[in-house]
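> Before I ask anything, let me first share the structure, which is written out below as structure tokens.
The values are calculated or read from the model by the stated rules, or taken from the named source; none is laboratory data. Everything numeric here is computed off the predicted structure, so don't read it as measured data. Here the Cβ positions follow ideal geometry from the backbone for every residue, glycine too, while neighbour counts run over all protein chains shown. Heavy atoms of the whole protein, side chains included, go into the accessibility calculation; ligands, DNA and RNA do not. Shrake-Rupley method; radii C 1.70, N 1.55, O 1.52, S 1.80 Å.
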Amino acid sequence: MSIPEIETERLFLRAPAQDDFDVYRRFYADEVGSAAYGGPLSAEQAWRKLAYDIGHWTLRGFGMWSAYQKDSGNMVGGAGLVYPQGWPCPELTWWIMPDFRRQGLAIELSKAVIRFGYDHLEWDAVRTYMNDDNIPALRLVEKLGGVVEKRSCFPDGLDRNIYILPQPRST
């Protein structure tokens with residue numbers, strides 16, 4: 001399967017690859033940075049996350065991208081659309097390495113991925129959800145114009161709001 005590449009003003013999004021493992025390992029080892037993503041995780045568990053991100057494209061036809069700064073070539077994190085088996089709907093998700101936070105990269109990534117969902121996958125709605133205590137993610141969803149669609153119980157036993165994200169305006 002050919003995974004499309006996306007460019008934004010500052011970023012280049014490409015298929016996740018084995019070369020991304022060191023960044024995955026460092027992100028998931030960071031107790032604070034990875035807490036909302038199931039971390040901290042061992043190197044072996046981070047490897048499984050990378051393998052999941054690579055395999056998701058084959059299984060679902062969409063998935064995560066690895067995000068790189070155009071100017072430096074540094075990997076800053078990942079973003080994409082995922083749909084774990086048994087979960088209520090596909091979701092926009094993202095993660096940013098701690099050194100690259102508070103630079104507007106998460107919103108830049110998210111807008112590009114949302115556009116992909118609407119324009120290329122032709123979804124009627126792009127959704128996201130997060131744990132109630134993930135305030136940074138909630139703030140980003142608010143900036144993106146997310147609106148609560150409903151509250152659902154998830155397979156992990158937690159109740160979460162599911163947000164619909166509007167198509168970003170072209171800039």
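The rows are residues; the columns are (1) under 20 Å from residue 155 (Cβ atoms); (2) of a type outside the set (Lys, Arg).
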{"site": "34", "(1), (2)": "no, yes"}
{"site": "53", "(1), (2)": "yes, yes"}
{"site": "78", "(1), (2)": "no, yes"}
{"site": "84", "(1), (2)": "yes, yes"}
{"site": "90", "(1), (2)": "yes, yes"}
{"site": "99", "(1), (2)": "no, yes"}
{"site": "115", "(1), (2)": "no, no"}
{"site": "129", "(1), (2)": "yes, yes"}
{"site": "132", "(1), (2)": "yes, yes"}
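> Next up: Tally the residues that are open to solvent by 50 Å² or more (accessible area, probe 1.4 Å), within 17 Å of residue 123 (Cβ to Cβ) and assigned to a strand (DSSP E or B), restricting the search to the stretch 151-171.
Total meeting the criteria: 1.
> When only residues in the stretch 1-56 that are part of a helix (DSSP H, G or I) and at pLDDT below 95 count, which is nearest to the chain's Cα centre (by Cα)?
For the stretch 1-56, the residue satisfying everything is 37.
> What's the total number of residues in the stretch 57-104 that are outside any loop (DSSP other than H, G, I, E, B), under 21 Å from residue 1 (Cβ atoms) and of a type outside the set (D, E, K, R)?
Residues of the stretch 57-104 outside any loop (DSSP other than H, G, I, E, B): 57-60, 64-69, 75-82, 91-96, 98-100.
Add one more test, that the residue is under 21 Å from residue 1 (Cβ atoms), and what stays is 57-60, 64-68, 78-82, 91-93.
If we keep only those that are of a type outside the set (D, E, K, R) too, we end up with 57-59, 64-68, 78-82, 92-93.
Matching residues across the stretch 57-104 total 15.
> In this structure, is residue 36 aliphatic (A, V, I, L, M), touching a residue at least 40 places away in the same chain (Cβ under 8 Å) and open to solvent by less than 40 Å² (accessible area, probe 1.4 Å)? Before you say what the answer is, go through the steps one by one.
Working: aliphatic (A, V, I, L, M): yes; touching a residue at least 40 places away in the same chain (Cβ under 8 Å): yes; open to solvent by less than 40 Å² (accessible area, probe 1.4 Å): no.
Considered against the rule, which asks whether it is aliphatic (A, V, I, L, M), touching a residue at least 40 places away in the same chain (Cβ under 8 Å) and open to solvent by less than 40 Å² (accessible area, probe 1.4 Å), residue 36 comes out as no.
> Another question, if that's okay. Write out, first by first residue and then by second, each pair whose Cβ atoms fall under 7 Å of each other, whose residues are 6+ apart or on separate chains, and whose first residue, in the stretch 73-102, is open to solvent by 30 Å² or more (accessible area, probe 1.4 Å) while the second is of a type in the set (Gly, Ala, Ser) and modelled with pLDDT of 95 or more.
Listed pairs, sorted by first residue: 88/152; 100/77.
> Taking residue 107 as the residue in question, decide whether it is open to solvent by 10 Å² or more (accessible area, probe 1.4 Å) and either touching a helix residue (DSSP H, G or I) at 6+ places or on another chain (Cβ under 7 Å) or not in a helix (DSSP H, G or I) (or both).
The answer is yes for residue 107.
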